[in-house]
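A.B. asks: I am attaching a structure below and will ask some questions about it afterwards.
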Amino acid sequence: MGVNDLKRHFGVLGTGSAAPERILTNAELETMVDTSDEWIVSRTGIRERRIADEGTTSSMLAYEAALQALRSANMDPQDLDLIICATVTPDMAFPATACLLQDLLGLRTIPAFDLSAGCSGFGYALSVAESMLVGGSYKNALVVGVDVLSRITDYEDRSTCVLFGDGAGAAILGEVPEGYGFLASELGAEGSSGSVLQLPGGGSRMPASARSVQERQHYIKMQGSEVFKFAVRILDESARRVIAKAGLNPEDIHWVVPHQANVRIIRSAATRLAIPEERFFVNVERYGNTSAASIGLALDELARSGDVQDGDYVVLVGFGAGLTWSALVMKWWAGNEVCHD
Ligand code: UT7
């Protein structure tokens, strides 16, 4: 028996997602800021987004998505031994939302931590969790990407408020048969460009004060066209590299699940990668940009659609605040999926 025979392989055993019920339409936004349905749809592809009510927090959406993912993997919370939560809108600065989630799940001592990589967070968390599983100390991990961006969105700023929504996406990672699961990944960051997408207030640089509130510093500030250029470049480059690292070609890929920010960015990635648009899973029209939740939410909808088959090659690719990016290739294993409710 060689070393490779002992190597264990990890992949996604189940997925889940959650989104608030309240829908904010483009028509409603037209009454709030100087915008139009026509502008929003033609520039972004977004038609509506979900908005959490006052009492709903990130940990609550994460909990709902986690329970659904556990059910689809046919597992109980007690089967988990690691929780990683990607978010830029934790319930509070600390404790970590992952710790709040651990408590909600009725778990007591397993490690739980948050990770901040903006909209690349879900991919970052998957990759970190997989490394920890490969390391041998853990068996099954819960990864959640969750954001309640409506809490940090400035509904007086038309250049950002039309884009964002709230939601959560979850995945259970565990051992899969040889040849399945994660085949390659790439994480990256260009910290020098971080200022094009940031939330300035509330940290050690600019603690909350009457002035910071008055100056609206606790809301997302974004130079949209700079992020757009970065996104178009990095989706193509990172997906191309990670597909090659997995020993595959773009034409081998059955599904690409990109970060759902703007349909124009996704179309440009399809053209550059020469992968047909029909192989890109898109739900941005219904949720807008849900940041760390976006890829997990899209992956869950893809899994529930029944369109992804056992053995399909799936690419997850995202970009976001940092500026960061994450790209992963996996061979889809459907063996654990027992139900999709
Ligand atoms: O997940 C990572 C986070 N962010 C992103 O992924 C966002 C990436 N960027 C984008 O998706 C696009 O850059 C936007 C959708 C944000 C903007 O689209 P754009 O084609 O880059 O437009 P622009 O920023 O160049 O603005 C074009 C015009 C401007 O007017 P002028 O200066 O040409 O007269 C804006 O003031 O559109 C105007 N504009 C709007 N008009 C109506 C900006 N927002 C709106 C709006 N409604 N909501």
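A.B. asks: Name the residues in the stretch 287-325 that are within 12 Å of the ligand (Cβ to nearest atom) and polar (S, T, N, Q), would you?
C.D. replies: Within the stretch 287-325, Asn289, Thr290, Ser291, Ser294, Thr324 qualify.
Here is a yes/no grid of residues against (1) at pLDDT below 95; (2) at negative phi:
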residue: Ser137; (1), (2): yes, yes
residue: Pro207; (1), (2): no, yes
residue: Ser212; (1), (2): no, yes
residue: Arg216; (1), (2): no, no
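A.B. asks: Of all the residues that make up the stretch 231-248, how many are of a type in the set (Gly, Ala, Ser), more than 14 Å from Gly318 (Cβ to Cβ) and crowded, with 17+ Cβ neighbours inside 10 Å? Spell out how you get there, then give the answer.
C.D. replies: The first filter runs over the stretch 231-248 and keeps only residues of a type in the set (Gly, Ala, Ser), leaving 231, 238-239, 244, 246-247.
Okay, now just the ones that are also more than 14 Å from Gly318 (Cβ to Cβ), so 244, 246-247.
From the residues that got through so far, the ones that are crowded, with 17+ Cβ neighbours inside 10 Å too are 246.
The qualifying residues number 1.
A.B. asks: OK, next. Could you pull out the residue among Asn140, Asn74 that is in contact with a Leu (Cβ under 6 Å, 6 or more places away or on another chain) and under 20 Å from Trp332 (Cβ atoms)?
C.D. replies: None of the other options fit; the residue is Asn140.
A.B. asks: With respect to Leu24, determine if the residue is more than 16 Å from the ligand (Cβ to nearest atom) and either hydrophobic (A, V, I, L, M, F, W, C) or under 17 Å from the mean Cα position of the chain (by Cα) (or both).
C.D. replies: The answer is no for Leu24.
A.B. asks: With (1) touching a helix residue (DSSP H, G or I) at 6+ places or on another chain (Cβ under 7 Å); (2) more than 13 Å from the ligand (Cβ to nearest atom) as the list, and Arg71 as the residue in question, which single condition is left unmet?
C.D. replies: (1)
A.B. asks: Being more than 23 Å from Leu173 (Cβ to Cβ), of a type in the set (Val, Ile, Thr) and surrounded by 24 or more Cβ atoms within 10 Å (Cβ to Cβ) is the requirement here; does Val284 meet it? Don't jump to the end; show me each part of the working.
C.D. replies: Values: more than 23 Å from Leu173 (Cβ to Cβ): yes; of a type in the set (Val, Ile, Thr): yes; surrounded by 24 or more Cβ atoms within 10 Å (Cβ to Cβ): yes.
Taking the combined requirement at face value, the residue satisfies it.
Okay, residues lined up against (1) surrounded by fewer than 21 Cβ atoms within 10 Å (Cβ to Cβ); (2) farther than 30 Å from Arg71 by Cα:
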| position | (1), (2) |
| --- | --- |
| Ile172 | no, no |
| Val176 | no, no |
| Tyr180 | yes, no |
| Glu190 | yes, yes |
| Ser193 | yes, yes |
| Gln198 | yes, yes |
| Gln214 | yes, yes |
| His218 | yes, yes |
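A.B. asks: Let me ask something additional. Looking only at the stretch 224-275, count how many residues are free of Cβ contacts under 8 Å to residues at least 40 places away in the same chain, within 20 Å of Leu187 (Cβ to Cβ) and away from the ligand (no atom under 11 Å from the Cβ).
C.D. replies: Here the count works out to 6.
A.B. asks: Could you tell me which of the residues Glu38, Glu48 is within 16 Å of the ligand (Cβ to nearest atom) and out of contact with any Leu (no Cβ under 8 Å at 6 or more places or on another chain)? Please lay out each step first, then the result.
C.D. replies: Numbers: Glu48 fails: out of contact with any Leu (no Cβ under 8 Å at 6 or more places or on another chain).
Testing whether each residue is within 16 Å of the ligand (Cβ to nearest atom) and out of contact with any Leu (no Cβ under 8 Å at 6 or more places or on another chain) leaves just Glu38.
A.B. asks: Related question: Collect the residues in the stretch 130-152 that are surrounded by fewer than 24 Cβ atoms within 10 Å (Cβ to Cβ) and either small (Gly, Ala, Ser) or within 13 Å of the ligand (Cβ to nearest atom) (or both), keeping them in residue-number order.
C.D. replies: The answer is Ser131, Gly135, Gly136, Ser137, Ser150, Ile152.
A.B. asks: Tell me the residue from Ala86, Ala65 that is in contact with a strand residue (DSSP E or B) (Cβ under 7 Å, 6 or more places away or on another chain) and within 16 Å of the ligand (Cβ to nearest atom), please. Before you say what the answer is, go through the steps one by one.
C.D. replies: On the way: Ala65 fails: within 16 Å of the ligand (Cβ to nearest atom).
Matching residue, one of Ala86, Ala65: Ala86.
A.B. asks: Do you know which of the residues in the stretch 160-187 that are within 12 Å of the ligand (Cβ to nearest atom) and touching a helix residue (DSSP H, G or I) at 6+ places or on another chain (Cβ under 6 Å) is farthest from Val314 (Cα to Cα)? Reasoning before the result, please.
C.D. replies: From the stretch 160-187, those within 12 Å of the ligand (Cβ to nearest atom) are 160-165; that's our starting set.
Keeping just the survivors that are touching a helix residue (DSSP H, G or I) at 6+ places or on another chain (Cβ under 6 Å) gives 162, 164-165.
Numbers: Val162: 29, Phe164: 25, Gly165: 25 Å.
This residue is Val162.
A.B. asks: OK, next. If a residue counts only when it is of a type in the set (A, V, I, L, M, F, W, C) and modelled with pLDDT of 95 or more, which strands (runs of 3 or more DSSP E) contained entirely in the stretch 1-110 have at least 3 such residues?
C.D. replies: 9-18, 82-86
A.B. asks: When the residues of the stretch 188-223 are narrowed to those that are assigned to a loop (DSSP other than H, G, I, E, B) and either polar (S, T, N, Q) or within 14 Å of the ligand (Cβ to nearest atom) (or both), which ends up farthest from Val88 (Cα to Cα)? Spell out the reasoning first.
C.D. replies: Just the residues of the stretch 188-223 that are assigned to a loop (DSSP other than H, G, I, E, B), to begin with: 190, 199-209, 215-220, 223.
Cutting the leftovers down to either polar (S, T, N, Q) or within 14 Å of the ligand (Cβ to nearest atom) (or both) gives us 190, 199, 204, 209, 217, 219-220, 223.
On the way: Glu190: 18, Leu199: 10, Ser204: 16, Ser209: 20, Gln217: 15, Tyr219: 12, Ile220: 11, Gln223: 18 Å.
Once the filter is applied, the top-ranked residue is Ser209.
A.B. asks: State yes or no: is Leu142 outside any helix (DSSP H, G or I) and in contact with a strand residue (DSSP E or B) (Cβ under 8 Å, 6 or more places away or on another chain)?
C.D. replies: Working: outside any helix (DSSP H, G or I): yes; in contact with a strand residue (DSSP E or B) (Cβ under 8 Å, 6 or more places away or on another chain): yes.
Answer is yes for this residue.
The values are calculated or read from the model by the stated rules, or taken from the named source; none is laboratory data. What you are looking at is a predicted structure, and each value in this text was computed from that prediction instead of being measured. Here the Cβ is made from the backbone with ideal geometry for all residues, glycine too, and neighbour counts use every protein chain on show.
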